Amino acid sequence: MKKSIFILLSLLTIQSMAQQTIRGIVVDKESQFPLIGVNISVLSNADLLGTTTDFDGTFRLENISLGRQDLQFTYLGYEDVILNDIIVNAGKEVILNIEMEESVVQLEEVTIVARRNGEVTNEMATVSAREFSVQETNRYAGSRGEPARMASNFAGVQGADDSRNDVIIRGNTPTGVLWRLDGVNIPNPNHFSIPGTGGGSVTILNNKFLKNSDFYTGAFPAEYGNGIAGVFDLKMRNGNNEKHEFSGQLGFLGTELMAEGPLQKDSRSSYLATYRYSTLQLFQFLGIDVGTDAIPRYQDASFRVNFPRKNGGNLSFFGIGGLSDIDILISTEEAPSGETLIYGSNDRDQYFGSKMGTFGASYSQPLDANTFFRVTLAASHSSINAYHEYIDREIIDGKFQLNATIPILDYVFTENKYSSYLNYVKKINSQSTIKAGINADLFHLKYLDSVRIVRPASTTGGDVSFDPWRTRWNANDFVPMLQPFIQYKYRFNEKLSATAGLTSLYFGINNKSFSPVEPRLGLSYKIDDKQKLGFGTGLHSQIQAPYLYYYSQESIGSDPIELNKDQIGLIKSVHAVGSYDRLIGKVSRLKLEAYYQHLYDLPVAEDSSSFSLINAGAGFSRFFPDSLVTGGQGRNYGLELTLERFFNRGYYFLITGSVFDAKYKTLDNVWRNTSFNGKYAFNALFAKEWTIGKRSTINVGTKFTRVGGRWRGILDLDESLLQQDVVYTSESVNTIQFDPYFRADLKLAYKLNTSNLTHEIAIDIVNVFDTQNILKETYAPDHPDGPVVDEYQLGLLPLFYYRIDF
């Protein structure tokens, strides 16, 4: 056996050094028309390899050494593009889609500045925008391969909860983030999602099917509607249309398979498919004890098939989807543990499940060298169901004695959506571009929820009692949403450019959900070839989480009296952002941004209490508001800094910091801290890579995060016992801050390239110092220190994976 292992390892290490191919297509940024004769150079290769694009705009660079490479794209009359840190592995070809922007003046009149890594691909964005790559979702310690957790490293962005991947942008509610995929708005793309939230415990998005995508944190262009905080504009890549490639991964968060390749080589059509299954569930199936019966069960998949058409056109069919469920059973406990549950409650068994899926077709076509259009049709589904049973038990001789389980909650929320997206781009000349389109959605909303309140013995003076069943949701409704837009960009010269846009948002649920005109404006000024100023402003609006419109505290039989459907409209937000960007040397940059955001028409409680939906959107609970009106306001302002070194000479770093203030007021006219007003956030990431021989690399990455603590108030004990939840006195809400949050992460990775194979093994240690960070106070009547105790964030969590590409 030992001899066989030795022979296998020898074969892996003595194979000849593999080389790889880099290929792709280069198009005009606005019209998407292929560019002929673009010069491509490999800057990091001593042999000065290079090539040019052909009649279809495609290029091929062969015999490229494995490792990290830098490429430069140059074309007469166009701004240069420089790509740093392209990772070339033995197991997969590198396929690039490059967009180049036409210069507004003749080449001999000006030195053209290159577009570099991290600069957003949307030509209408001037501030608060960043392109992120698949490499970044893998590179940053603690990111777990997820776009949302990766984005929490950027300035002005923080995570809401270690056990979830909600994104807080500039103190806004996580529900203010818009998710888009190939142009259409999609439901929350996460496993174990909760109605009205933007995150979950594990992402459904597999970073292996994404290509470079855009992330916005404010003052975004007019094509993005129904979002007040930020935008994830995700794009799926096409599969390899020349050769079949495969990938397999075994990790703590899932066991994955991926395949891609040509459908017909002559037609250049391709396929791409991924599948992931919960590793812990797999271990349970194999009879391996993982220390708990509350195993999160989930699986997800994605696909894309692409058919190139004549004259640069493309027809593609795509889909993503995921299933998840978990049973948190308290009734199986034999004795009191004294622990507070993050994912459940200490008095009930909980059965929870969620589904999400989006399937669509997209067609794009350059009409000529200056005109381009894209149309996408899609259907989406999301559903969440939960069933709770109250545990009637007593302690006898230190052991639990189970008497009965009593049903107390049953709900199923389903949202189906049928979407279309049309985008038309016309490049009038090298200075002027116009972009117009529309997003149209038809929602089919079905909500059913029944509950009965448990009256604890401490409130009844006797035994536990149960109220009669009450229906809180019983809705089956169709609602349209329309968002047309038009944008115009004018480049005065090589230094100054301006963008202007108009959009509108209509949600047909009531007469208060219509924003007829939302202007957007952006300016960009290049001081020189290293410095740039930017400004952006605009009005943005967003609908509420749809289930909130149909909630009722009172019912007539099984028919809820809908208190909020006709009372609340769109949240409105005015953004203003100024930025300064400076390139330091060739591989580093500094960026400063200052912003102000005014929010109005916030849904708040009609009774002038402290309740506002601006604090919703994070956690594992729905909101159950009293009668709401749109009379609240909010204000967010802050300063952000980013200092970044791109990967060069074996290392990189990213340092981000922000100081900010986020407050809101209700009808009582008192300004309060939002639940997400940490006041400051700081991130520092560093990674070093060592090359071992010509085939292997070792990468060590670290991350340090410090964020201001969350907020609480003075406990209203009587009301907390009655509601069986933490209730603060109204005047004290968000007046007392928890201790600051601190976390350190460490990632170790080893990669080995052999002939046509790439092996990678890594361990990502989250919260390496096991720091105890308080998340919130939670209601736990059975806890020795109850009924209200501190709930903590996750402790040390080692995550591993092994991946092979071939």
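The values are calculated or read from the model by the stated rules, or taken from the named source; none is laboratory data. Just so it is clear, the structure is predicted and the values come from calculations on it, not from any experiment. Note: ideal-geometry Cβ built from the backbone for every residue, glycine included; neighbour counts use all protein chains shown. In case anyone asks, the SASA skips ligands and DNA or RNA and just uses the protein heavy atoms, side chains included. Shrake-Rupley method; radii C 1.70, N 1.55, O 1.52, S 1.80 Å.
In the set Asn185, Asn172, only one residue is under 25 Å from Arg622 (Cα atoms), at pLDDT 95 or above and not β-branched (Val, Ile, Thr); that residue is Asn185. Evaluated against (1) at pLDDT below 95; (2) touching a Phe, Trp or Tyr at 6+ places or on another chain (Cβ under 9 Å); (3) open to solvent by less than 60 Å² (accessible area, probe 1.4 Å), Gly360 falls short on exactly one condition, (1).
Restricting the first member to segment 554-581 and to residues that are without any contact (Cβ under 8 Å) to a residue 12 or more places away in the chain, and the second to residues that are of a type in the set (Val, Ile, Thr), the beta-carbon pairs closer than 6 Å and six or more apart or on different chains are Glu554/Ile561. If I filter segment 145-166 for residues that are under 30 Å from Tyr271 (Cβ atoms) and either in contact with a Cys (Cβ under 6 Å, 6 or more places away or on another chain) or open to solvent by 10 Å² or more (accessible area, probe 1.4 Å) (or both), do I get at least one hit? Yes, there is a match, as at least one residue in segment 145-166 is under 30 Å from Tyr271 (Cβ atoms) and either in contact with a Cys (Cβ under 6 Å, 6 or more places away or on another chain) or open to solvent by 10 Å² or more (accessible area, probe 1.4 Å) (or both).
Here Val120, Val94 are screened, and the one residue that is among the hydrophobic types (A, V, I, L, M, F, W, C) and either modelled with pLDDT under 75 or within 17 Å of Pro221 (Cβ to Cβ) (or both) is Val120. Screening Gly91 against (1) open to solvent by 30 Å² or more (accessible area, probe 1.4 Å); (2) part of a loop (DSSP other than H, G, I, E, B) leaves a single unmet condition, (1).
Note on segment 509-560: residues that are at pLDDT 95 or above, open to solvent by 70 Å² or more (accessible area, probe 1.4 Å), over 30 Å from Gly585 (Cα atoms) and of a type outside the set (Phe, Trp, Tyr) amount to 3.
Please determine, by comparing only the residues of segment 729-739 that are open to solvent by less than 50 Å² (accessible area, probe 1.4 Å) and of a type in the set (Ser, Thr, Tyr), which one is nearest to Asp347 (Cα to Cα). Break it down into steps so the answer makes sense when it comes.
Residues of segment 729-739 that are open to solvent by less than 50 Å² (accessible area, probe 1.4 Å), as a first pass: 729-730, 732-734, 738.
When the remaining residues are screened for being of a type in the set (Ser, Thr, Tyr), the result is 729-730, 732.
On the way: Thr729: 24, Ser730: 27, Ser732: 28 Å.
Here the answer is Thr729.
Once segment 123-169 is narrowed to residues that are over 28 Å from Thr499 (Cβ atoms) and touching a Pro at 6+ places or on another chain (Cβ under 7 Å), the residue that is modelled with the lowest pLDDT is Thr137.
Filtered by the rule that a residue be open to solvent by less than 20 Å² (accessible area, probe 1.4 Å), over 24 Å from Ala125 (Cα atoms) and part of a strand (DSSP E or B), segment 596-619 gives Leu602, Pro603, Val604, Ala605, Ser612.
Candidates are the residues of segment 583-595 that are over 25 Å from the mean Cα position of the chain (by Cα) and in a strand (DSSP E or B); the one that is surrounded by the fewest Cβ atoms within 10 Å (Cβ to Cβ) is Ile584. When Ser450, Ser419 are checked against the criterion of being small (Gly, Ala, Ser) and closer than 30 Å to Asn226 by Cβ, Ser419 stands alone in meeting it.
Would you please name the residue that is nearest to the chain's Cα centre (by Cα), looking only at residues in segment 546-582 that are over 21 Å from Thr217 (Cβ atoms) and of a type in the set (A, V, I, L, M)?
We begin by selecting, within segment 546-582, every residue over 21 Å from Thr217 (Cβ atoms); these are 546-569.
Among the residues that remain, those that are also of a type in the set (A, V, I, L, M) are: 548, 556, 561, 563, 568.
Numbers: Leu548: 23, Ile556: 40, Ile561: 35, Leu563: 32, Ile568: 27 Å.
Ranking the qualifying residues of segment 546-582, first place goes to Leu548.
Residue count for segment 55-70 satisfying the condition of being closer than 23 Å to Lys92 by Cβ and either surrounded by fewer than 17 Cβ atoms within 10 Å (Cβ to Cβ) or out of contact with any strand residue (DSSP E or B) (no Cβ under 9 Å at 6 or more places or on another chain) (or both): 5.
Restricting attention to strands (runs of 3 or more DSSP E) lying wholly within segment 117-213, give those where 1 or more residues are closer than 13 Å to Asp233 by Cα.
On the way: elements: 129-132, 157-159, 167-169, 177-181.
Correct list: 129-132, 177-181.
Looking across segment 660-671, just one residue is within 10 Å of Asn734 (Cβ to Cβ) and touching a helix residue (DSSP H, G or I) at 6+ places or on another chain (Cβ under 9 Å), and that is Tyr664.
Could you please find all residues in segment 503-545 being among the β-branched types (Val, Ile, Thr), within 25 Å of the chain's Cα centre (by Cα) and not in a strand (DSSP E or B)? Answer for segment 503-545, where residues must be among the β-branched types (Val, Ile, Thr), within 25 Å of the chain's Cα centre (by Cα) and not in a strand (DSSP E or B): just Ile543. How many of the residues making up segment 685-718 are crowded, with 16+ Cβ neighbours inside 10 Å, farther than 30 Å from Tyr779 by Cα and of a type in the set (D, E, K, R)? Selection size over segment 685-718: 3. Yes or no: Asp770 on the phi > 0 side of the Ramachandran plot and touching a residue at least 24 places away in the same chain (Cβ under 8 Å)? Here the answer is yes, as Asp770 does meet what is asked.
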